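Inspection log for the structure reproduced underneath, given as structure tokens.
Please treat every number below as a calculation from the coordinates, not as lab data. Because the structure is a prediction, the values reported are computed rather than measured. Quick reminder, even Gly has a Cβ in these numbers, built from the backbone with ideal geometry, and neighbours come from all protein chains shown.
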Amino acid sequence: MHAITYSRFGAAADVLALTELPTPSPGSGEVLVALSHSGVNPSDIKARSGARPGVTQPPFDLIVPHSDGAGTIAAVGAGVDRPVGQPVWVWNGQWQRPFGTAATHICLPEAQAVPLPEGVSPRTGATLGIPGLTAAHAVFGGGDVTGQTLLIQGGAGTVGYLAVQLARWGGAHVIATARGAGIARCAQAGAHHVVDFSGSDVVDQVLAANGGQPVDRIIEVEYGLNAATDAALIAPNGTICAYGAALDMTPTLPFGPMLFKAVTLDIILIYILQPAERAAAIDKLHAALRAGALHSPIAQTFGLRDCHRAHDAVAQGARDGAILLDTTT
């Protein structure tokens, strides 16, 4: 099989190489997926560049990057009753494993190859692992959101854009924050109100958008920067669901304001969701896709040999959608 590999940290163009590897055979409980697309996420860039705190060398001698992907089942191992040719999407392809989805094939436990709903493209399927599951769990992880007000910080980002759509589909009153062109993007996704987060009056604007009342649930991409804002905006017994804090990983926690509101701070990491939680998030994603309520935009698609360009595109940020590899080219 063809695969992109690396064995040391460094710049994408310096360490990523197109390599020929033996096509694996599925073991008991596994499937072999012939991949058509691989999703590229910020976590892949951090892992390849050595940007994770305390990690000084790659965890495996040879790594095929990327956790997300889509394709069809090419072969099954013992005990697996799945049809060859079934379209699937993949989650956790390279989580705590050496070989991910930046390849023509991947072997993995059958639960990690989810049947793709009819009519959903493999391009969309390749975005459902990290961005899709994060958005679905962040929105619905606390239960039904019908009639609640959800604030989605950074609603124009890859996860935020999906979260806005899911929250609106779920019956919530949706307020999003964004700036620049992202403001129109959030409105297009279905946000009832969009607040410019670069202003100095974010708290006042959000409260005004909610009739002067605090919000029930906050989906947070930058908790470190927004901890005080979130504490001011969350309702008593509300939940702040944080999935990122890249710009400040050691925030000062406004404990007093949160204590006297009995706020739940729910820090989520999609890689280690419990099976029941993951199944619930998958069900929500599939239901929204079937209803035509969820669109996962693709900003750029690169060929396998141009994987380094895909990594650079993700690292640059400011994207209007996901970055994919077409693993067949």
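Among the trypsin sites (Lys or Arg not before Pro) within segment 1-53, those in coil by DSSP and having at most 13 neighbouring Cβ atoms inside 10 Å are R8.
Residues whose amide H falls under 5 Å from that of H37, counting only those 5 or more places apart or on a different chain, are A70, T327, with hydrogens built in the peptide plane. Taking packing as the residue-averaged number of other Cβ atoms within 10 angstrom, the listed peptides 163-176, 253-266, 68-81 run from highest to lowest as 163-176, 68-81, 253-266. Largest first, the extents of the alpha carbon coordinates of segment 134-271 on the three principal axes equal 36, 32, 30 Å. A cut-off under 13 angstrom between Cβ atoms defines the neighbours of N41, and their net charge, with Lys, Arg +1 and Asp, Glu -1, is +1. Taking the fewest neighbouring Cβ atoms within 10 Å as the starting point, the ordered list for T101, T250, T177 is T250, T177, T101. Residue exposure proxy: S28, S38, ordered by other Cβ atoms within 10 angstrom of their Cβ from fewest to most, comes out as S28, S38. Annotation for segment 58-106 versus segment 218-265: alpha-carbon center distance of 36 Å.
Given 0.36 nm per residue, what is the gain on full extension from R52 to A181 after removing their alpha carbon distance, in nm?
On the way: separation 129, 0.36 × 129 = 46.44 nm, distance 3.04 nm.
Extra length available between R52 and A181 comes to 43.4 nm.
For the chain, what does the relative contact order come out to in percent, with C-alpha contacts under 8 Å and a separation of six or more?
On the way: 772 pairs, mean separation 59.2, N = 329.
18 percent.
Between R8 and A293, the FRET efficiency from the beta-carbon distance, with R0 = 45 Å, is close to 0.55.
Got a sec? How would R185, R217, R97, R179 order by Cβ neighbour count within 10 Å, fewest to most?
Sorted ascending by nearby Cβ count, the order is R179, R97, R185, R217.
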